[in-house]
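The values are calculated or read from the model by the stated rules, or taken from the named source; none is laboratory data. Note that the structure is a prediction, hence the values are computed from the model and not measured. Neighbour counts run over all protein chains shown; Cβ positions are idealised from the backbone, glycine included.
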């Protein structure tokens with residue numbers, strides 16, 4: 001979950017390398033470093049902490065060069081420190097690496113026996129030493145890197161340079177993303193296009209197993225078998241403004257407020273004449289949905305919560321069994337796959353390691369097809385799936401997911417309605433569901449007007465250490481997502497329960513110091529939920545209720561905020577927004593790093 005940038009140019013590139021790292025800091029921010037080739041030697045700067053510290057170090061260093069690599073790290077092997085920061089150096093070679101080398105211990109022992117001295121605790125340093133050793137018997141850096149790759153077990157994207165070939169970068173990927181960028185008299189490597197948007201809009205997404213040679217003149221690529229290949233050049237539509245905070249204090253707040261537009265973009269062109277256009281899933285989608293007899297959803301973290309909501313929708317609307325599970329569990333068990341089962345993977349980045357591994361296993365297990373719900377075109381999960389439904393959230397920089405989650409729900413709602421219609425859903429219920437989606441951007445915009453009232457409530461949480469979230473039906477996963485947001489960015493311990501489970505244990509925790517947050521839509525379970533809330537009240541608990549406008553009068557409490565009325569499809573999406581705002585304002589009051597919470601990174605590309 002680290003960020004990589006590499007540039008080969010005819011001008012000094014250090015400032016651009018560091019600027020690229022800033023755009024990738026959501027991928028990791030334990031330490032940062034840059035290395036450039038200068039006058040036949042490697043000049044290297046490394047710091048513990050965020051890229052800002054590296055920038056300050058560079059300002060007084062005088063380090064400059066026309067070819068370099070840079071890295072921002074999320075620690076897996078070795079504590080965050082300057083010594084463990086990338087780039088790593090061995091003789092004439094410098095390397096940056098994202099991923100995990102699973103056999104690093106054996107490789108380290110072998111290299112130490114051969115006389116190589118290790119200066120870090122990382123798994124990545126073995127790559128530098130292996131390439132340096134391979135240079136003795138290979139004609140050039142490209143051949144040396146290619147000879148080393150079969151020895152690396154695990155996942156990686158790497159960028160390598162050598163003083164023996166000034167101006168040349170070699171990149172490779174297996175299980176971790178890497179793109180090449182095309183410029184004028186300069187070319188680039190990066191783990192994410194956002195690092196390079198100020199420099200170019202033209203990108204080549206390296207395929208699994210690809211190796212690339214990059215210099216100022218061009219980019220050449222070889223596939224996993226060593227054959228030269230031409231990969232498509234893609235023109236990015238992202239603007240550089242999309243990765244700037246603008247008037248907002250934090251990226252997270254900006255992305256919360258971008259949700260009406262992100263939802264509108266996700267729905268655009270997918271509904272016409274009051275109906276979901278089934279073809280958005282692919283040209284054969286209608287036939288495929290008719291043959292689908294079960295759905296199996298696999299995801300991680302926030303995306304898993306989206307899958308849980310979709311499970312309710314699919315079973316309720318389509319009358320077809322649906323399961324949702326965590327990808328890191330799925331990949332280590334042997335699920336029973338019923339004939340006619342559709343596999344659905346959900347990932348914001350499209351590079352989530354556990355979800356991608358689950359998808360690869362699913363392709364061997366007899367599923368009818370694989371549908372990816374994803375935010376990043378050309379990502380690995382998109383390329384590996386037979387059907388794709390993009391979410392169109394745009395870049396999401398804040399580590400705690402907001403608009404990516406609500407657009408995932410919108411995309412999954414489109415799928416659920418299209419699927420249910422293929423299975424004979426009542427026409428009126430279908431049309432009502434589509435109408436709710438059409439109203440969704442406006443409903444979320446209306447909900448955002450609760451911001452000031454939610455900010456007032458946040459003061460009650462600033463000194464608390466624990467919180468309990470409650471919901472029923474589709475709002476149980478929404479409560480889970482609310483608890484996750486609060487713990488991610490405020491560091492308050494928060495848990496979520498289906499409200500009916502209160503009396504089976506969690507009620508023992510309720511007292512005046514345990515805030516209880518409930519989402520109360522006007523649905524078939526509202527009377528049950530209100531009874532559960534009364535249980536909290538009678539035990540001295542302090543309730544914070546986000547209620548449908550028809551329910552607000554039944555929850556007699558000054559800590560109740562009334563939301564716009566919503567139907568069964570829109571309600572869980574709309575109800576998510578106030579929980580995001582609550583978490584944000586609590587985190588600000590507690591003085592935490594909202595956009596880059598400790599120990600976390602945005603794109604989880606390692607297991």
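Name the residue that is surrounded by the most Cβ atoms within 10 Å (Cβ to Cβ), counting only residues in the range 422-449 that are within 21 Å of residue 324 (Cβ to Cβ) and touching a strand residue (DSSP E or B) at 6+ places or on another chain (Cβ under 9 Å). Per the stated criteria, the residue is 433. Screening the range 19-36 for residues that are surrounded by fewer than 24 Cβ atoms within 10 Å (Cβ to Cβ) and touching a strand residue (DSSP E or B) at 6+ places or on another chain (Cβ under 8 Å) and picking the one that is farthest from residue 89 (Cα to Cα) gives 25. For the range 214-221, the criterion of being within 24 Å of the chain's Cα centre (by Cα), assigned to a strand (DSSP E or B), within 24 Å of residue 360 (Cβ to Cβ) and at pLDDT 95 or above is satisfied by no residue at all. Among the residues of the range 123-137, the one identified as closer than 12 Å to residue 95 by Cβ, surrounded by fewer than 24 Cβ atoms within 10 Å (Cβ to Cβ) and modelled with pLDDT under 95 is 123.
Residues in the range 74-95: is at least one over 29 Å from the mean Cα position of the chain (by Cα) and assigned to a loop (DSSP other than H, G, I, E, B)? Within the range 74-95, one or more residues are over 29 Å from the mean Cα position of the chain (by Cα) and assigned to a loop (DSSP other than H, G, I, E, B).
Within the range 176-193, if we keep just the residues that are touching a residue at least 40 places away in the same chain (Cβ under 8 Å) and surrounded by fewer than 22 Cβ atoms within 10 Å (Cβ to Cβ), the residue that is farthest from residue 51 (Cα to Cα) turns out to be 185.
Count of the range 480-513 residues, restricted to those that are touching a helix residue (DSSP H, G or I) at 6+ places or on another chain (Cβ under 6 Å) and either in contact (Cβ under 8 Å) with a residue 40 or more places away in the chain or in a helix (DSSP H, G or I) (or both), is 11.
Condition test on residue 406, is it part of a helix (DSSP H, G or I) and either surrounded by fewer than 19 Cβ atoms within 10 Å (Cβ to Cβ) or more than 23 Å from the chain's Cα centre (by Cα) (or both)? Here the answer is no, as residue 406 does not meet what is asked. Using the structure shown, decide if residue 198 is under 28 Å from residue 576 (Cβ atoms) and either touching a helix residue (DSSP H, G or I) at 6+ places or on another chain (Cβ under 8 Å) or modelled with pLDDT under 95 (or both). No: the conditions fail for residue 198. If the condition is being modelled with pLDDT of 75 or more and under 12 Å from residue 468 (Cβ atoms), then the range 530-548 contributes 542, 543, 544. So, in the range 513-529, how many residues would count as being buried (at least 18 other Cβ atoms within 10 Å of the Cβ) and either more than 30 Å from residue 263 (Cα to Cα) or at pLDDT 70 or above (or both)? Of the residues in the range 513-529, 7 are buried (at least 18 other Cβ atoms within 10 Å of the Cβ) and either more than 30 Å from residue 263 (Cα to Cα) or at pLDDT 70 or above (or both). Go through the residues of the range 374-386 one by one and say whether even a single one is closer than 23 Å to residue 177 by Cα, in contact with a helix residue (DSSP H, G or I) (Cβ under 6 Å, 6 or more places away or on another chain), touching a residue at least 60 places away in the same chain (Cβ under 8 Å) and buried (at least 24 other Cβ atoms within 10 Å of the Cβ). Yes: the range 374-386 contains one or more residues that are closer than 23 Å to residue 177 by Cα, in contact with a helix residue (DSSP H, G or I) (Cβ under 6 Å, 6 or more places away or on another chain), touching a residue at least 60 places away in the same chain (Cβ under 8 Å) and buried (at least 24 other Cβ atoms within 10 Å of the Cβ). Of the residues 44, 108, which single one is more than 24 Å from residue 180 (Cβ to Cβ), surrounded by fewer than 23 Cβ atoms within 10 Å (Cβ to Cβ) and without any contact (Cβ under 8 Å) to a residue 60 or more places away in the chain? 108 is the lone residue from the list that is more than 24 Å from residue 180 (Cβ to Cβ), surrounded by fewer than 23 Cβ atoms within 10 Å (Cβ to Cβ) and without any contact (Cβ under 8 Å) to a residue 60 or more places away in the chain.
Does residue 248 satisfy the condition of being surrounded by fewer than 19 Cβ atoms within 10 Å (Cβ to Cβ) and either free of Cβ contacts under 8 Å to residues at least 24 places away in the same chain or within 30 Å of residue 597 (Cβ to Cβ) (or both)? Spelling it out, residue 248 is indeed surrounded by fewer than 19 Cβ atoms within 10 Å (Cβ to Cβ) and either free of Cβ contacts under 8 Å to residues at least 24 places away in the same chain or within 30 Å of residue 597 (Cβ to Cβ) (or both). Going by the structure shown, is residue 468 in contact (Cβ under 8 Å) with a residue 24 or more places away in the chain, farther than 23 Å from residue 267 by Cβ, touching a helix residue (DSSP H, G or I) at 6+ places or on another chain (Cβ under 9 Å) and buried (at least 19 other Cβ atoms within 10 Å of the Cβ)? So residue 468 fits the description; yes. Residue pairs whose Cβ atoms lie under 6 Å apart, sitting 6 or more positions apart in sequence or on different chains, and linking a residue in the range 558-580 that is without any contact (Cβ under 8 Å) to a residue 40 or more places away in the chain to a partner that is part of a strand (DSSP E or B) and surrounded by 19 or more Cβ atoms within 10 Å (Cβ to Cβ), are 560/545; 560/547; 562/547. When residue 64 is tested against (1) assigned to a loop (DSSP other than H, G, I, E, B); (2) within 18 Å of residue 120 (Cβ to Cβ), just one condition goes unmet, and that condition is (2). Could you check, for the range 154-175, whether at least one of its residues is in a loop (DSSP other than H, G, I, E, B), within 21 Å of residue 380 (Cβ to Cβ), touching a residue at least 24 places away in the same chain (Cβ under 8 Å) and touching a helix residue (DSSP H, G or I) at 6+ places or on another chain (Cβ under 9 Å)? No - not one qualifying residue is present in the range 154-175. The residues of the range 279-331 that are free of Cβ contacts under 8 Å to residues at least 60 places away in the same chain, more than 27 Å from the chain's Cα centre (by Cα) and part of a helix (DSSP H, G or I) amount to a single one, 287.
Filter the range 556-595 down to the residues that are part of a loop (DSSP other than H, G, I, E, B) and modelled with pLDDT under 85, then identify the one that is surrounded by the most Cβ atoms within 10 Å (Cβ to Cβ). Residue satisfying both the conditions and the ranking: 595.
Taking the conditions (1) under 26 Å from residue 287 (Cβ atoms); (2) in a helix (DSSP H, G or I); (3) in contact (Cβ under 8 Å) with a residue 24 or more places away in the chain in turn, residue 425 satisfies each one other than (2).
Of the listed requirements (1) under 23 Å from residue 169 (Cα atoms); (2) at pLDDT below 95; (3) buried (at least 17 other Cβ atoms within 10 Å of the Cβ), residue 62 misses just one: (3). Just one of (1) in contact (Cβ under 8 Å) with a residue 40 or more places away in the chain; (2) part of a helix (DSSP H, G or I); (3) buried (at least 19 other Cβ atoms within 10 Å of the Cβ) fails for residue 261. It is (3). Among all positions in the range 304-327, there is no residue which is at pLDDT below 90, surrounded by fewer than 21 Cβ atoms within 10 Å (Cβ to Cβ) and farther than 28 Å from residue 265 by Cα. Tell me yes or no: at least one residue of the range 455-465 is within 26 Å of the chain's Cα centre (by Cα) and either surrounded by 16 or more Cβ atoms within 10 Å (Cβ to Cβ) or more than 30 Å from residue 237 (Cα to Cα) (or both). Within the range 455-465, none of the residues are within 26 Å of the chain's Cα centre (by Cα) and either surrounded by 16 or more Cβ atoms within 10 Å (Cβ to Cβ) or more than 30 Å from residue 237 (Cα to Cα) (or both). In this structure, residue 371 does not satisfy being part of a helix (DSSP H, G or I) and either at pLDDT 90 or above or within 22 Å of residue 479 (Cα to Cα) (or both).
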